[in-house]
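Student: My questions all concern the structure below.
The values are calculated or read from the model by the stated rules, or taken from the named source; none is laboratory data. Predicted model only: the values in this text are computed from it and were never measured. Positions of Cβ are backbone-derived with ideal geometry, glycine not excepted, and every protein chain shown enters the neighbour counts. Ligands, DNA and RNA are stripped out before the accessible areas are found, and what is left, the full protein with its side chains, is counted by its heavy atoms. Shrake-Rupley method; radii C 1.70, N 1.55, O 1.52, S 1.80 Å.
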Amino acid sequence: MTDRAMTDLDRVLGDWLADGPSRAPDRVVDAAIEHCRSHPRRPDPFAFLRSDVLAARRSALALQPAFALVALGLLLVAIVAFAAGSRRDEAPVVVPPLPTPSATRPPTPSPTVAAVHVVLPDELGKTVTVDVVDESGALVSARAGLQSEEGDIPEVPHGIGAANAPNDPTVLRLTWADGPCESAGVLSIDAAARSFVLVKPACTGDSLGVGRVIVLTFSRPVPATGVTATLDETP
Amino acid sequence: MQRELVERAARGETEAFAALTRLTSDRLYAIAYRILRDQYLAEDALQQTLITIWNELPRLRDQDRFDAWAYRLIVRAAVAEARRERRGAAVPLLPGDADPSSGADDYRVVADRDQLERGFRRLTPEQRAILVLQHYAGLSLAEIADTLGIPAGTVASRLHYATRALRAALEADGRAAPNGRLA
């Protein structure tokens, strides 16, 4: 979809959504207020231990910082007491001071690479771009590559080939056959960095195909053999 | 002023909560309605959200983030209502639904607001929510990520797919304007 078409859809959608009710029915608001009056909140002495409502979801085993520190402190004391009881002739063990819990902002979701904008070279001067959207948090960089420089990458008819750089499993190279059209694609990488989906407009016609290469560098190995790469061309 | 109301409501002051409710209900209801496209479902979502705010407000550590939290609650309530009601559920598009004759640069005119309504209803509640947060509430990608508690990359990806799904739904509806182009 071109930028102009996207802008037109945005404008139409924005205008359409602007219409509609913008005032809450009084009876709903009054009912909620009546609820709070008839259900006064009881004081909660353990409120400081409860998680922030805006904290990112954690595993069921995750502990709040204050509670975790208290538990860790008790464990250290127990260990020291046991060690002191079983080794009376040795020098006393110095227990490191417990870190004082300080008021910190509740943990927020780690920022990931929102989108890396990659401009692919085109001999005909067409504007070909790919926005790389990474959910794995492991993507370090994304750049355009030239097939002549990147060496052997398996070609997959009507799809995407994937291969690691020689002797470097943290670098993954994707290649696909494209037409001589301007396009703006989106390459989505899933949280496990195993599924790579490239969504781009289709380029039809009888022209010879053009090989596109994008080179992704990760903070950890991403074996090409474990990757599923999909090309989704939209009409 | 809102922060003061949030602080007092968190301490259990019912009148502060009443004032906070009157201050925020309109925009929360507006968001719920635009996601659900149904007055009664939106009212249920709003009521559930307001009760949750009353019950859980003491657990909001940063009271300056009340708006983000309230938006998160209303979106979750709206999505839950949509799933429960199964009205206007998204209709999965079959591969042949999109018009194959439209090229990459072509986009059909949406002259009929009913067409947009039908197309929007074909989206999942989650897709509708993200479009509403961006195009109605005016939130940036980072703000949407903060509101929904998901990474910004995920927001960008979902927004892309929601927009693409809406475009496909409009094409599948099959009622283009004669000239075939947006003004």
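Student: Give me the one-decimal nm value for the distance between modelled label points at A:Ala31 and A:Thr234, 7 Å along each residue's Cα-to-Cβ direction.
Tutor: Label-label distance for A:Ala31 and A:Thr234, simple model: 3.9 nm.
Student: For labels at A:Thr127 and A:Thr217 in the simple 7 Å Cα→Cβ model, what's the distance in nm?
Tutor: The two pseudo-label positions are separated by 2.8 nm.
Student: Sticking with this one: What residues qualify as long-range amide H neighbours of A:Asp131, i.e. H under 5 Å apart, gap of 5 or more or another chain, H built at 1.01 Å from N?
Tutor: A:Val118, A:Gly185, A:Val186, A:Leu187
Student: To continue, here is another question. Would you tell me the mean number of C-beta atoms belonging to other protein chains that fall within 10 Å of each C-beta in B:34-47, as a whole number?
Tutor: Working: counts 7, 0, 0, 1, 0, 3, 1, 0, 5, 5, 1, 1, 6, 8.
The mean count of partner-chain Cβ atoms within 10 Å per residue comes to 3.
Student: Work out from phi, with θ = phi - 60° and the Karplus expression 6.51 cos²θ - 1.76 cosθ + 1.60, the ³J(HN,Hα) of each residue of the range A:21-28, listed in order in whole Hz, and give x for Gly and Pro.
Tutor: Coupling constants for the range A:21-28: x, 10, 10, 6, x, 4, 5, 5 Hz.
Student: Mind checking B:158-169 for the average number of partner chain beta-carbons within 10 Å of each residue's beta-carbon? If you can, show how the numbers build up before the last one.
Tutor: Details: counts 2, 1, 7, 4, 0, 5, 5, 0, 2, 5, 2, 0.
That average works out to 3.
Student: Efficiency by 1/(1 + (r/R0)^6): what FRET value for A:Ser38 and A:Leu75, r their Cβ-Cβ distance, R0 = 35 Å, to the nearest 0.05?
Tutor: That pair, A:Ser38 with A:Leu75, gives E of 0.20.
Student: Another question, then. Could you calculate the FRET efficiency of B:Arg113 with A:Phe46 from 1/(1 + (r/R0)^6), where r is the beta carbon distance between them and R0 is 45 Å, rounded to 0.05?
Tutor: Details: r = 52 Å, r/R0 = 1.15.
With R0 = 45 Å, the Cβ-Cβ based efficiency is 0.30.
Student: Working out 0.36 nm times the residue gap between A:Phe82 and A:Arg143, then minus their Cα-Cα distance, what length gain in nm do you get to one decimal?
Tutor: Separation in residues times 0.36 nm, less the Cα-Cα distance, equals 16.3 nm.
Student: Further question on the same structure: So how much accessible surface do B and A hide from each other in total, probe 1.4 Å, in square angstrom to the nearest 100?
Tutor: 5700 Å²
Student: So, one more: Amide H neighbours of B:Leu60 under 5 Å, counting only residues 5+ apart in sequence or on other chains, H built in-plane at 1.01 Å?
Tutor: HN-HN under 5 Å from B:Leu60: A:Val53.
Student: Kindly rank B:159-169, A:18-28 from highest to lowest mean number of other beta carbons found within 10 Å of each residue.
Tutor: B:159-169, A:18-28
Student: Residues of B:17-29, mean number of Cβ from any other protein chain within 10 Å of their own Cβ, rounded to a whole number?
Tutor: Per residue, the number of nearby Cβ atoms from other chains is 4 on average.
Student: Report, by chain and number, residues whose modeled amide H sits under 5 Å from the one on A:Ser195, excluding near sequence neighbours (fewer than 5 apart, same chain).
Tutor: Result for A:Ser195 returns A:Asp190, A:Thr228.
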